[in-house]
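Heads up, the thing below is written out as structure tokens.
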Amino acid sequence: MKGLILSGGKGTRLRPLTFTRAKQLIPIANKSNLLYVVDDLVAAGVSDLGIVISPDTGDEIRQHLLEARPEGVQFTFIEQREPLGLAHAVQTAQGFLGDESFVMYLGDNLLSGGIGHLVQEYEDSHPDAIVLLTRVENPQQFGVAVLDPDGRVLRLVEKPKVPPSDLALVGVYLFSPRIHEVIRTLKPSWRGEYEITEAIQGLVDREMPVVAHLVRGWWKDTGKPEDLLEANRLVLAQVTRRIEGEVTECDLLGEVVVEPGARVTRSELRGPIHIASGAVVEDSYVGPYTSIGQGSRVIGSEVEFSILLPQCEVVQVPYRLDASVIGQGAVVTRETRRRRQHTVGLVVGDFSRICL
């Protein structure tokens, strides 16, 4: 079985962060979303991976994966020149996929529990598709499935105005090579895209078995800043204390990770938090669900429930930063000294400078 990771898209909902980076490379607990996807596939025994990239961000995704490549993993990079939908991405990758079954995994999705059980079921029973579902409060924004009592898919609808259920498609699918036959018959939808929901419906209409499973644990589509922060919270909730950097004159509570080469002095740390190598924290408060990127500096400031990308600086900020995403190389500092009386939430693009 092969793996197909979709890593295109412009990430417009994550601007300004995605003006300067691919959305799949924004770190969650100091590890890119894309690497969590790779790890899930490898843990399920899928190591021959095709990566669908766009002309805009393909080079940085290629470089990131080749630098971080786990042992035994083979990457094949496939350029999708136009964003014409998920089914079009599969069609673009057909040369790589050949006649093999495959897992398709969206590169900005994050799962707990892995996909090993899905791969095992596919190998045991060989349906033509397995789809992963979760219950959502806003099914109008997703592809929605209707199931029979045995868990087989009866019908799929893409972003329905009147949803027939609250079961939304998650960005993980397992397919037999028969999906290619259906995709070749598709026409563009009203959105101008070749929809994977229509391709799966084509399998159902041909009476080919399509099986559905509900997500075990949690799932996040990290398409918006608030989703990034929630994903960061979910991942950090699973860490255990590990102090390998230099920590002096500090008050620590809870699960705190300080990587080798990081330095924390005269500060209060309230886990779960993750401080990457090369980071410096001095005279500060770092609250729960915060990740501080490699080489970043937090000096005389307070921050919690936030993501700090690498090489950014938060220096003498007069407010507590809360629910913030600070881009790589960005600087947030004070204009004049004043008492900390309020909190502020920011989404700051790479290499910006903000004075509060």
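Observations, loosely collected:
- Complete set of residues in segment 169-195 that are farther than 14 Å from Leu97 by Cβ, open to solvent by 70 Å² or more (accessible area, probe 1.4 Å) and touching a residue at least 12 places away in the same chain (Cβ under 8 Å): Thr185, Pro188, Arg191
- Flag if Glu226 is of a type outside the set (A, V, I, L, M), modelled with pLDDT of 95 or more and open to solvent by 50 Å² or more (accessible area, probe 1.4 Å): no
- Check on Ala29, at pLDDT 90 or above, part of a helix (DSSP H, G or I) and open to solvent by less than 40 Å² (accessible area, probe 1.4 Å): no
- Restricting attention to segment 134-166, the residues that are over 16 Å from Glu198 (Cα atoms), part of a strand (DSSP E or B) and open to solvent by less than 40 Å² (accessible area, probe 1.4 Å) add up to 1.
- Condition check for Val317: assigned to a strand (DSSP E or B) and hydrophobic (A, V, I, L, M, F, W, C): no
- The helices (runs of 4 or more DSSP H) falling completely within segment 177-254 include none with 1 or more residues that are closer than 25 Å to Gly114 by Cα and of a type in the set (Phe, Trp, Tyr).
- In segment 252-273 there is at least one residue that is under 25 Å from the mean Cα position of the chain (by Cα), under 23 Å from Lys224 (Cα atoms) and surrounded by fewer than 24 Cβ atoms within 10 Å (Cβ to Cβ).
- Any hit, segment 168-176, residues being outside any strand (DSSP E or B), closer than 25 Å to Gly8 by Cα and at pLDDT 90 or above: yes
- Of Val281, Val235, all but one fail to be crowded, with 17+ Cβ neighbours inside 10 Å and touching a residue at least 40 places away in the same chain (Cβ under 8 Å); the exception is Val235.
The values are calculated or read from the model by the stated rules, or taken from the named source; none is laboratory data. This is a predicted model, so every value here is computed, not measured. We place every Cβ from the backbone using ideal geometry, glycine too, and count neighbours over all the protein chains shown. For accessibility, only protein heavy atoms count, side chains too; no ligands or nucleic acids. Shrake-Rupley method; radii C 1.70, N 1.55, O 1.52, S 1.80 Å.
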